[in-house]
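Inspection log for the structure reproduced underneath, given as structure tokens.
The values are calculated or read from the model by the stated rules, or taken from the named source; none is laboratory data. Everything quoted here is computed from the prediction, not taken from an experiment. Because the Cβ atoms are built from the backbone with ideal geometry, glycine has one as well, and the counts that use them run over all protein chains shown.
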Amino acid sequence: MTSRFFTLAAFALIFTLVVSCKEKEEPVPQKTPEELAKAALTGSGTAQWTVAGGGSVTRDGQSVTSTYATYELFLNAGTVKTYSTKNGGELFDANGNWSFVGTNFDKFVFTGTKPAATREISFTQTGTTLRLEFRIPAPGARVDGNASLSGNYTFNLVKK
């Protein structure tokens, strides 16, 4: 009986050691609101968005997609947050830096001199779609030919 007790005790001790020596999994740290916002805009660090292939653009509720049909936006969220655009017409600068506005991380601004620069741009990312909304006020709008660029814009971009 004593030998059986020692066998069971030894087995229990070995089992306890094996279980206690098992590598513990570290909890995955929660992402900050800024990290979540960066991921929405740039995925793992860079992302390219475009109107072509299913996107659309409206100004004051009217479609202007044909004006921006080949618009592309490239965002980089590295150490320095940079952007570049293609076919942004007189609305967007070709490149510059971007930064979040405030602590809600649902708006950003571009640097530059064109009308969209320094405007708060609200964004919503859902799956492979990025929605940008911003306003160009009349006093700050440039004239592109005979038309003003002022208005409320909505860009629905698709991931490229």
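Only one of the listed residues (S150, S56, S122) is within 22 Å of T32 (Cα to Cα) and surrounded by 13 or more Cβ atoms within 10 Å (Cβ to Cβ). That residue is S122.
What do you reckon, is S84 polar (S, T, N, Q) and free of Cβ contacts under 8 Å to residues at least 24 places away in the same chain? In short, yes.
Would you confirm, using the coordinates I've provided, whether V64 is more than 25 Å from P33 (Cα to Cα), surrounded by 14 or more Cβ atoms within 10 Å (Cβ to Cβ) and of a type outside the set (D, E)? So V64 fits the description; yes.
Restricting the stretch 53-72 to residues that are of a type outside the set (S, T, Y) and touching a Lys or Arg at 6+ places or on another chain (Cβ under 8 Å) leaves a set whose member that is nearest to S150 (Cα to Cα) is E72.
Looking at the stretch 91-117, which of its residues are buried (at least 17 other Cβ atoms within 10 Å of the Cβ), assigned to a loop (DSSP other than H, G, I, E, B) and in contact (Cβ under 8 Å) with a residue 40 or more places away in the chain? Correct list: L91, F105. Picking from residues in the stretch 68-90 that are in a loop (DSSP other than H, G, I, E, B) and farther than 11 Å from F155 by Cα, the one that is nearest to the chain's Cα centre (by Cα) is G78. When restricted to residues that are small (G, A, S) and part of a loop (DSSP other than H, G, I, E, B), the stretch 37-67 contains 8. All of G127, G45 fail the test of being loosely packed, with under 15 Cβ neighbours inside 10 Å, modelled with pLDDT under 95 and touching a strand residue (DSSP E or B) at 6+ places or on another chain (Cβ under 6 Å), apart from G45.
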